[in-house]
1. Let's test the formula: R0 of 22 Å, r as the Cβ-Cβ distance of residue 70 and residue 119. What FRET efficiency results, to the nearest 0.05?
2. Estimate the FRET efficiency between residue 154 and residue 218 by the formula 1/(1 + (r/R0)^6), using the beta-carbon distance for r and 45 Å for R0, to the nearest 0.05.
3. Within a 10 angstrom radius of the beta carbon, how do 90, 127 rank from fewest other beta carbons to most?
4. Mind checking the full-extension length gain between residue 80 and residue 142? Use 0.36 nm per residue of separation minus the Cα-Cα distance, one decimal, nm.
5. For the range 227-280, take the convex hull of the Cα atoms, compute a quarter of its surface area, and give me that in nm², please.
6. Just grab the label-to-label distance for residue 111 and residue 210, each label 7 Å out from Cα along the Cβ direction, in nm (one decimal).
7. Can you compute the modelled spin-label distance between residue 275 and residue 92, with each label point 7 Å from Cα toward Cβ, in nm?
8. Can you sort 101, 149, 129 so the residue with the fewest Cβ neighbours within 10 Å comes first?
């Protein structure tokens, strides 16, 4: 009976001891309970670091391969688009999708004539992507579609820059006479005043442009601007000249577009008239 009482007392003390209750605020802690607790955070940190490393790797891989995937996607879309007949709805949808994908990748420049150069680039793209219409057809073995178009766009920007530089360097007298001379220089004899009964070359040119015997000056105009004709620009650019900036503001057309049209459509006709009159 005494042994039973002693055993019962020991059991009560064990059940009420800090070790048995798990209370960490009183009494010394044995190494046993600390060992599992101290080993547990290390695997968690290691697993967390491993998980973060895997996420960073998964995130960086698409970024590194994105340009190649994008180019591959463009070339595949070009191939699919060109399989359809010109002018067909599927060809048009493919062209639209390509333009949407490539627009953010094209070269950008602050020049005022950039929009005109870009418009010419897209026209070139539509005409020469699948068939050689106005230039060489696109070759996917040579370059990506973006590289191909950027090269053409930069050339057009260079052309506009040259035209603008020439216009700035041309004086009033030189720009007038450039319509008739190949070298853009005025012969000193032509500076002599003409006899009163003989019209000067300037008056003759003005009369020719106003009368427009062939009718082609009045019918040749800037694209999408039927009111801006070759006849109008020739008369406006004869002395006293109307500045290009004023013409551009009046008609809502860039200086580059007007200057390019004048070089291609007006000067050629002025030279032909000058030769027919024996000016040079």
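Taken together, the values in this text are just the output of simple stated rules run on the coordinates, not laboratory data. Because the structure is a prediction, the values reported are computed rather than measured. All Cβ positions, even for glycine, are placed from backbone atoms using ideal geometry, and neighbour counts span all protein chains on display.
1. Working: r = 24 Å, r/R0 = 1.10.
My answer for the efficiency is 0.35.
2. Details: r = 36 Å, r/R0 = 0.80.
With R0 = 45 Å, the Cβ-Cβ based efficiency is 0.80.
3. Details: 90 12, 127 15.
By the 10 Å Cβ count, ascending: 90, 127.
4. Values: separation 62, 0.36 × 62 = 22.32 nm, distance 1.83 nm.
That works out to 20.5 nm of additional length.
5. Values: hull surface 15.4 nm².
Dividing the Cα hull surface by four gives the mean projection, 3.9 nm².
6. Result for the modelled spin labels: 3.8 nm.
7. In this crude label model, residue 275 to residue 92 measures out at 4.3 nm.
8. Working: 101 15, 149 25, 129 21.
Lowest count first: 101, 129, 149.
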